[in-house]
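The structure appears right after this line, and notes come after that.
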Amino acid sequence: MESVDEDARLMLRYRDGDTDAFSALYARHKGPLYRYLLRQVRNAGSAADLFQDVWSRLVANRGRYQARAKFATYLFHIAHNCTMDFFRRDLRLPRAARTDDVYAQAPEPEVPEYQRPDVLAEFAEQQSALLAAVSALPHEQREAFLLHEETGLTIEEIARVTDVGIETAKSRLRYAIRKLKTSLASAQFPAVMPLRTRRHLKAAQFNAST
Amino acid sequence: MHPPDELDEYLRGDSALSCQYRREAAPVPPPALDRRVLELSRAAHELPAASGARAAPARSPYLAPLAFAASVLLSVALVLAIAFGPQTAKRVDDAPRVVRVAYSSSDPRTVRAPKAWLADIAALRRAGRNREADEELRRFRSTYPGLSISDPAIRP
């Protein structure tokens, strides 16, 4: 992919002092990164904080950057680490909730007050059925799906970004797809019908976790 | 268990799910956030090179051994200072003064200088050896009857 080399070249130029190169790089990746964070943490304020944190870390570590892999892999690995820090710090994920490879054992994590189900329902009311179903996925599966959709990363690259084996990444993505399809089919929604009520969100969450 | 082509079909990018996802609204960061990040990227390059991130790989490989050697040197210096420092010297310095008093008092033929003699008497008083100090003071007065003693640390 030609944009891979182009991104890496831009990053190398920025590392060597060309701030215009950073602007170009930022313009290319700001949308996917923002949506990845927003749909991972499901809170606009936290997503904005994490977004700034990711770019700050990229800037701070620019001297160590080497174009050994796709730039998106490098950027989203930082984003993954920031998100994990966020979950550890604020969500206090129970260990069991993070092992999503068993389809039947994927409960939603315990969440702080600002991400209670009613708050999430309010967030989901502004979403389509598909985004509500994405929001209801366990976060590892959601992450795999978002990484592929937003950045076009392959299974191997998703595995590298999320620090897991290829089979685990593949399994997460497979479960995500199946749950999303099941959610949409069982709710019998038209493809882009908005989800307006809290009851619909609960149905999507129930389908995703069973 | 899983249909073999489900994931492959999805990964090809032409699945209904992907198409539907791409039709969704695509939020972008607010302009204020854009400005903050771009300012951050520029500010980082305005810092002096030595404090920038490029300085990190240039760290000398000799830094760690040098730091270790400096620590060892400091430790040795500290031990030497404790063993042969000023406190030990003072103790050595104090002892002959008392011995000197004893020696001089045991030899009646020795006539000592008044200033040094009075200093020894004062040292005896400071050490709480008042009986010896009184005895020395009596001898001093008999040797130098005309000399008045104004120092309160010497008088009984």
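The values are calculated or read from the model by the stated rules, or taken from the named source; none is laboratory data. Note that the structure is predicted; figures quoted are calculated from it, not measured. All Cβ positions, glycine included, derive from the backbone under ideal geometry; neighbour counts span all protein chains shown.
Overview of results
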item	result
Residues satisfying the stated conditions in the stretch A:46-72, i.e. among the small types (Gly, Ala, Ser), more than 11 Å from chain B (Cβ to nearest Cβ) and in a helix (DSSP H, G or I)	A:Ser46, A:Ala72
Enumeration of residues in the stretch A:40-56 that are surrounded by fewer than 18 Cβ atoms within 10 Å (Cβ to Cβ) and either among the polar types (S, T, N, Q) or at pLDDT 95 or above (or both)	A:Gln52, A:Ser56
Cβ-Cβ under 6 Å pairs, at least 6 apart or on other chains, the stretch A:11-28 side facing another protein chain (nearest Cβ under 10 Å), far side surrounded by fewer than 16 Cβ atoms within 10 Å (Cβ to Cβ)	A:Thr19/B:Arg42
Subset of the stretch B:7-26 [within 7 Å of chain A (Cβ to nearest Cβ) and touching a Gly at 6+ places or on another chain (Cβ under 8 Å)]	B:Ala26
Members of the stretch B:133-146 found to be assigned to a helix (DSSP H, G or I) and touching a residue at least 24 places away in the same chain (Cβ under 8 Å), listed by number	B:Glu135, B:Glu136, B:Arg139, B:Phe140, B:Thr143
Tally of residues being in a helix (DSSP H, G or I) and in contact (Cβ under 8 Å) with a residue 12 or more places away in the chain across the stretch A:32-45	9
Residue within the stretch A:83-105 that is modelled with pLDDT under 90, crowded, with 20+ Cβ neighbours inside 10 Å and under 11 Å from the mean Cα position of the chain (by Cα) present	no
Filter pass, B:Val37 being surrounded by 10 or more Cβ atoms within 10 Å (Cβ to Cβ), at pLDDT 90 or above, at the interface with chain A (Cβ under 7 Å from one of its Cβ atoms) and not in a helix (DSSP H, G or I)	no
The stretch B:12-46, residues that are in contact with a helix residue (DSSP H, G or I) (Cβ under 7 Å, 6 or more places away or on another chain) and within 16 Å of A:Ala176 (Cβ to Cβ)	B:Ser15, B:Leu17, B:Ser18, B:Gln20, B:Tyr21, B:Glu24
